1. Within 11 Å, Cβ to Cβ, of Ala459, how many net charges do the neighbouring residues add up to if Lys/Arg are +1 and Asp/Glu are -1?
2. Over 18 Å between Cα atoms: which of Lys116/Lys515; Lys137/Lys182; Lys139/Lys167; Lys105/Lys515; Lys147/Lys167; Lys147/Lys181 fall into that group?
3. To the nearest µm²/s, what D does Stokes-Einstein give for region 118-188 at 37 °C and 0.692 mPa s, using the Kirkwood radius over alpha carbon pairs as Rh?
Amino acid sequence: MATTRPNLGGGARPAPRGPPSSQRPRTAGSQPANGYAHYANAPPLPTQGIAGIDFQVAPERNPDRYGPNANSNQKKCSQLAVDFFKDSVKRARERNQRQSELEQKLQDPSQGAARKEQLWSTAGRKEGQYLRFLRTKDKPENYNTVKIIGKGAFGEVKLVQKKGDGKVYAMKSLIKTEMFKKDQLAHVRSERDILAESDSPWVVKLYTTFQDAYFLYMLMEFLPGGDLMTMLIKYEIFSEDITRFYIAEIVLAIEAVHKLGFIHRDIKPDNILLDRGGHVKLTDFGLSTGFHRLHDNNYYQQLLQGRSNRPRDRNSVAIDQINLTVSNRSQINDWRRSRRLMAYSTVGTPDYIAPEIFTGQGYSFDCDWWSLGTIMFECLVGWPPFCAEDSHDTYRKIVNWRQTLYFPDDITLKAEAENLIRNMVCNTENRLGRGGAHEIKNHAFFRGVEFDSLRRIRAPFEPRLTSNIDTTYFPTDEIDQTDNATVLKAQALQHGRQMEESPEMSLPFIGYTFKRFDNNFR
């Protein structure tokens with residue numbers, strides 16, 4: 001029997017595969033040039049070359065043909081697609097992480113069969129509830145307003161109850177048109193991002209965010225103890241023991257924010273809330289930054305094709321004109337009364353902001369420790385260290401802190417307290433906390449403080465509440481209780497009717513919606 005030798009690269013070729021050419025079916029490629037003539041109505045073969053063919057000129061692009069919103073619609077669709085897939089990947093990773101944690105629990109030999117079955121069924125039920133929760137659309141009409149507990153130029157904060165189950169929340173609503181006009185797009189996104197990422201007991205809990213054509217909504221936990229500013233207005237000065245407790249808790253709160261990779265940049269008594277047990281939680285992250293492109297105003301200016309022509313330095317915070325009314329002890333009460341009004345203004349107060357933020361020389365996480373030092377000063381002395389007749393004097397005193405920082409002679413502080421303040425209210429190179437929160441925790445002022453158990457001990461002040469909607473510790477008598485949601489929506493309609501016709505209004509807010517997994521599935 002003859003065998004065919006394999007071709008190892010020589011001249012001999014292996015036997016061809018398939019039938020010989022004489023047995024192959026006849027194809028068009030094997031026909032001679034005139035082989036098609038016998039077919040009826042056969043088309044003539046081309047006789048000229050490619051170069052002779054007369055191609056038509058491609059039509060010019062005419063964007064006006066598709067209307068003025070074509071480019072914006074294209075951007076919106078692209079952003080929606082990116083956001084959809086990014087959220088899908090993120091949720092898949094979080095689901096896989098929850099599954100891994102569950103499997104570790106199920107492998108624990110100390111868990112009985114009944115307990116394992118309970119863990120498995122509970123996890124499955126939560127996953128199903130969360131998927132249904134993702135498909136629901138929240139809206140402000142799902143909540144009843146109990147009382148307005150905060151109001152400002154950008155919107156308001158309401159105490160609300162969910163229709164049906166009666167659960168209580170704080171709902172923050174922001175006017176979209178004001179976000180555009182005041183260049184607050186980056187700020188509102190950074191606040192949403194840090195609250196969505198945080199699961200710390202030292203940061204106010206965000207349950208969900210949603211939006212409509214005119215407003216952004218943030219549904220958060222309601223902290224009935226009020227804020228630290230209200231306590232300072234009421235009690236004027238804290239003892240060193242009480243100051244030690246609150247400053248220690250604020251240290252842990254700032255540390256939690258820094259661990260997430262964010263800088264708060266606006267630590268002040270107004271933004272330090274007290275929960276039902278009297279413990280501290282940070283809120284209002286409108287000036288915070290995680291150095292993400294979505295937290296930079298330049299990103300939104302480019303996204304909206306240069307709507308704003310004002311250059312903005314990412315290493316500075318623009319604070320507009322405000323008025324402070326204090327220069328000596330006789331004016332402190334007037335200053336305290338004006339503090340609440342400043343909290344409701346569009347710009348707030350600069351008393352607690354670090355000098356490197358004003359000068360634009362660049363800043364880091366330690367700018368929050370400067371703010372903590374000024375708060376500690378106010379708790380022990382009765383007013384911030386750099387308050388002045390007007391905002392310009394305040395800026396000047398902060399920038400020239402070496403000449404303007406002084407401790408009044410009629411107030412005696414222990415050496416450890418004054419030393420801690422001076423080591424936080426100082427130049428950034430020598431500022432305590434620059435190397436981490438442990439530097440502040442190890443200071444002599446906190447000797448004996450057990451930071452790991454602070455939240456488990458009894459707070460020096462516990463709010464006395466009569467119900468879950470008690471607002472005793474909020475200055476609601478100083479806030480216009482007229483529900484101006486209708487007015488705000490009318491203003492949004494007036495300013496945003498033209499923009500609503502274009503996707504430009506919704507473009508910066510794509511991806512704003514958030515729903516927390518551990519959400520009690522309302």
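A short reminder: the numbers here are calculations on the coordinates, not readings from a lab. Computed from a prediction, not measured in an experiment: that's the story for all the values here. Methodologically, a virtual Cβ is constructed for each residue, glycine included, from the backbone with ideal geometry; neighbour enumeration extends over all protein chains shown.
1. That works out to +1.
2. Lys116/Lys515; Lys137/Lys182; Lys105/Lys515; Lys147/Lys181
3. It diffuses with D of about 221 µm²/s by this estimate.
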